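To start, the structure itself, in structure tokens.
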Amino acid sequence: METGELACERRATRPKGVARGLRRQGRIPAIIYGPKTAPMAVAVGRTELKSRASAASHQRLIKLTSSDAELSGKHVIFKELQRAPVSGEILHADLYEVDLGAPLRVSI
């Protein structure tokens, strides 16, 4: 299975204006969660996220790259993408951390 890469960095979760400011800067707020880890708020680049979220790559594993050692090297899949109703731009992404040693059941 192919693995894509996605650069990300940690972000503040509060207040709401922080997420809006990220979007103005061309980054998208996202959250990473999984069965064994606590949820982490991150920010990813808009253009990079759009290319990774295309229909062809929607079923691939994505390896995170970051300057933060806790984030770097994690494998995730897209759980949900929230889009603006009129423009269709991505507003928020939910990323699910995958345990490579355990089977994963997903609906298609």
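A compact table of results
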{"read-out": "Cross-chain or 6+ apart pairs with Cβ under 9 Å, the range 2-18 first and part of a strand (DSSP E or B) and open to solvent by less than 60 Å² (accessible area, probe 1.4 Å), then modelled with pLDDT under 80 and of a type in the set (D, E, K, R)", "value": "GLY4/ARG60"}
{"read-out": "Tally, over the range 1-34, of residues that are among the hydroxyl-bearing types (Ser, Thr, Tyr) and either over 23 Å from GLU70 (Cβ atoms) or at pLDDT 90 or above (or both)", "value": "1"}
{"read-out": "Pick from the range 61-74, criterion open to solvent by 40 Å² or more (accessible area, probe 1.4 Å) and of a type outside the set (Asp, Glu), ranking: farthest from ALA41 (Cα to Cα)", "value": "LYS63"}
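The values are calculated or read from the model by the stated rules, or taken from the named source; none is laboratory data. As the structure is a prediction and not an experimental result, all values here were calculated from the model. Quick reminder, even Gly has a Cβ in these numbers, built from the backbone with ideal geometry, and neighbours come from all protein chains shown. Remember, those area values only see protein heavy atoms, side chains included, never the ligands or the DNA or RNA. Shrake-Rupley method; radii C 1.70, N 1.55, O 1.52, S 1.80 Å.
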